[in-house]
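Beneath this line is the structure, given in structure tokens, with notes to follow.
The values are calculated or read from the model by the stated rules, or taken from the named source; none is laboratory data. Remember, predicted model here, so these are calculated numbers, not experimental data. With ideal geometry, Cβ positions are generated from the backbone for all residues, glycine too; neighbour counts draw on all protein chains shown. The area values use the complete protein model at the heavy-atom level, side chains included, leaving out ligands, DNA and RNA. Shrake-Rupley method; radii C 1.70, N 1.55, O 1.52, S 1.80 Å.
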Amino acid sequence: MSANQTVDPEDIAELIGRCKLSTSVSEFHGSLVGYISAGGTFPADNVLDALKLEPDPAPNADESAMLVRLRHQTEEWLADTDLSFMPWVPDDESPLHERVEGLADWTRGFLGGFGLGGSPEAAKKLSEDAREILRDMATIASTEVTLDEDVEGDEDSLTELEEYVRVGALTLHAEMAPRQAAASDTLH
């Protein structure tokens, strides 16, 4: 994989398998997005340490470089004014139950990453809209979903939830980004 190549879910799935990480691709991506959105820093550019994931064996040099590229790629997508960011959840061709589980995994990961990357002081300053998004994500992450006979209705509901989660992540990132920039500015 070249230095400029985009990292995709399949690359992360291979890393998760080889390094025996106890997470899914959706949960891993959600964790990374939540961590970045909350303003988390990456000591020594180590993504797995920042996300409190314990690989066995450790990633090789190429995999570590891929994780750094994924971090930067994710930061760019979250900051993109065209709102091109998309959570890594199973695609529309996947069975509905896998998509529902993937969205729940992603929101669980996001909440965990947001908690790891943020600070209690920043959490106290969140807007009411941001707090509501976090509460809704917690509900999505913890809800046991049963599918109806009305698969089309379930599809529509899931599509709406996926869009809500996507926009919610972008909203939280946008709210926290000015604070991150302000906190890192130094006066000369």
Within the range 20-38, restricting to residues that are touching an Asp or Glu at 6+ places or on another chain (Cβ under 7 Å) and outside any helix (DSSP H, G or I), the one that is least open to solvent (accessible area, probe 1.4 Å) is S24
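Restricting the search to the range 98-130, which residues are under 17 Å from A177 (Cβ atoms) and assigned to a helix (DSSP H, G or I)? Spell out the reasoning first.
Here is the first cut: in the range 98-130, the ones under 17 Å from A177 (Cβ atoms) are 110, 113-114, 117-119, 121-123, 125-127, 129-130.
If the condition is that a residue be under 17 Å from A177 (Cβ atoms) and assigned to a helix (DSSP H, G or I), then F110, G113, F114, G117, E121, A122, A123, D129, A130 are the ones that fit.
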Those residues of the range 96-135 that are free of Cβ contacts under 8 Å to residues at least 40 places away in the same chain, under 14 Å from G168 (Cβ atoms) and open to solvent by 50 Å² or more (accessible area, probe 1.4 Å) come to a total of 4
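Which one is nearest to S31 (Cα to Cα) among residues in the range 144-159 that are open to solvent by 50 Å² or more (accessible area, probe 1.4 Å) and at pLDDT 80 or above? Give the derivation first.
At the first step, the residues of the range 144-159 found to be open to solvent by 50 Å² or more (accessible area, probe 1.4 Å) are 144-152, 155-157, 159.
Still in the list and also at pLDDT 80 or above: 155-157, 159.
Details: E155: 25, D156: 26, S157: 24, T159: 21 Å.
Only one residue tops the list, namely T159.
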Contact list, first residue from the range 9-38 and farther than 12 Å from E63 by Cα, second anywhere and acidic (D, E) and buried (at least 23 other Cβ atoms within 10 Å of the Cβ), beta-carbon distance below 8 Å, six or more apart or interchain, is S24/D105; S26/D105; E27/D105; G30/D105
Every listed condition ((1) modelled with pLDDT of 90 or more; (2) open to solvent by 50 Å² or more (accessible area, probe 1.4 Å)) holds for G168 save (2)
Restricting attention to the range 39-65, the residues that are in a loop (DSSP other than H, G, I, E, B), modelled with pLDDT under 95 and on the phi > 0 side of the Ramachandran plot number exactly 1
Scanning the range 66-95 for residues that are surrounded by fewer than 16 Cβ atoms within 10 Å (Cβ to Cβ) and assigned to a loop (DSSP other than H, G, I, E, B) gives D80, T81, D82, L83, S84, M86, D91, D92, E93, S94, P95
